[in-house]
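Colleague: Could you have a look at this structure, given as structure tokens, before my questions?
The values are calculated or read from the model by the stated rules, or taken from the named source; none is laboratory data. The structure presented is a predicted model; accordingly, all values stated were derived computationally and were not measured. Every residue, glycine among them, receives a Cβ derived from its backbone with ideal geometry; neighbour counts consider all protein chains shown. Keep in mind that these areas ignore ligands, DNA and RNA; they rest on the heavy atoms of the full protein, side chains included. Shrake-Rupley method; radii C 1.70, N 1.55, O 1.52, S 1.80 Å.
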Amino acid sequence: MTQSLQLTVNGQHYEVASDPRATLLDVLREHLLLTGSKKGCDQGQCGACTVHIDGERVLSCLTLAAQAEGRSVTTIEGLAAADGTLHAVQAAFLEHDAFQCGYCTSGQIMSAVACIKEGHARSDDEIREYMSGNLCRCGAYPNIVKAVKEAATHLSQEVTS
């Protein structure tokens with residue numbers, strides 16, 4: 001049995017025929033070939049699959065694709081500007097070398113964007129608490145916190161100027 005879904009991902013409209021039990025992560029990776037979101041634990045414990053639905057972070061491995069129908073999904077592939085300019089968080093992760101193997105990086109960045117947007121980047125402790133749902137097996141946490149702080153500062157300056 002398949003269902004037809006109308007999804008909007010990174011501003012593009014897709015019609016997808018999938019199993020009604022398919023997760024958003026599986027539809028993104030297997031049907032739309034957007035492989036930036038990673039399948040880490042597949043149990044919602046590592047955060048590698050983090051994406052945004054209507055601007056809110058979600059774990060795509062625990063979200064049915066049908067739950068995203070009619071809503072706006074943003075993945076790591078849709079974060080940079082159309083001209084390729086990196087989002088401030090992506091640029092800060094590069095600047096601070098906030099990754100090693102890179103497997104968790106897309107989920108870390110998507111959570112960091114939500115962290116800043118929701119106003120949870122006022123201190124190192126607050127950033128660590130908000131980002132605690134995203135695991136990095138390489139231990140790049142100190143650089144991730146530095147990157148989130150820098151991006152938060154950069155983005156707040158953009159708002160005020």
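Colleague: For the range 11-24, what are the residues that are of a type outside the set (A, V, I, L, M, F, W, C) and assigned to a loop (DSSP other than H, G, I, E, B)? Write out each step before concluding.
Modeller: Step one: filter the range 11-24 for residues of a type outside the set (A, V, I, L, M, F, W, C), giving 11-15, 18-21, 23.
If the condition is that a residue be of a type outside the set (A, V, I, L, M, F, W, C) and assigned to a loop (DSSP other than H, G, I, E, B), then Gly11, Asp19, Pro20, Arg21 are the ones that fit.
Colleague: When residues of the range 1-35 are filtered for being among the small types (Gly, Ala, Ser), open to solvent by 30 Å² or more (accessible area, probe 1.4 Å) and free of Cβ contacts under 8 Å to residues at least 60 places away in the same chain, how many remain? Talk me through it step by step, then tell me what you get.
Modeller: Taking the range 1-35 as the starting set, the residues that turn out to be among the small types (Gly, Ala, Ser) are 4, 11, 17-18, 22.
This time we only want the ones that are open to solvent by 30 Å² or more (accessible area, probe 1.4 Å), so: 4, 11, 17.
With free of Cβ contacts under 8 Å to residues at least 60 places away in the same chain added as a condition, the list becomes 4, 17.
Adding up the residues that qualify gives 2.
Colleague: Would you mention how many residues in the range 131-158 are at positive phi and touching a residue at least 40 places away in the same chain (Cβ under 8 Å)?
Modeller: Our first condition is that a residue be at positive phi; within the range 131-158, this holds for 139.
Now restrict to residues that are touching a residue at least 40 places away in the same chain (Cβ under 8 Å): none.
Total meeting the criteria: 0.
Colleague: Would the range 73-95 turn up any residue that is surrounded by fewer than 19 Cβ atoms within 10 Å (Cβ to Cβ), without any contact (Cβ under 8 Å) to a residue 40 or more places away in the chain and of a type in the set (D, E, K, R)?
Modeller: Yes - at least one qualifying residue is present in the range 73-95.
Colleague: Filter the range 25-84 down to the residues that are under 10 Å from the mean Cα position of the chain (by Cα), in a helix (DSSP H, G or I) and of a type in the set (D, E, K, R) and list them by number.
Modeller: Selection gives Glu77 alone.
Colleague: Would you pick out the residues in the range 114-130 that are in contact (Cβ under 8 Å) with a residue 60 or more places away in the chain and open to solvent by less than 20 Å² (accessible area, probe 1.4 Å)?
Modeller: Looking only at the range 114-130, we keep the residues that are in contact (Cβ under 8 Å) with a residue 60 or more places away in the chain, and these are 114, 117.
Across the range 114-130, the qualifying residue is only Ala114.
Colleague: If Gln100 satisfies every condition in (1) open to solvent by less than 20 Å² (accessible area, probe 1.4 Å); (2) over 10 Å from the mean Cα position of the chain (by Cα) but one, which is the exception?
Modeller: (1)
Colleague: A follow-up question, please. Quickly run through the range 38-58 and pick out the residues that are surrounded by fewer than 24 Cβ atoms within 10 Å (Cβ to Cβ) and not charged (D, E, K, R).
Modeller: Those that are surrounded by fewer than 24 Cβ atoms within 10 Å (Cβ to Cβ) and not charged (D, E, K, R): Gly40, Cys41, Gln43, Gly44, Gln45, Cys46, His52, Ile53, Gly55, Val58.
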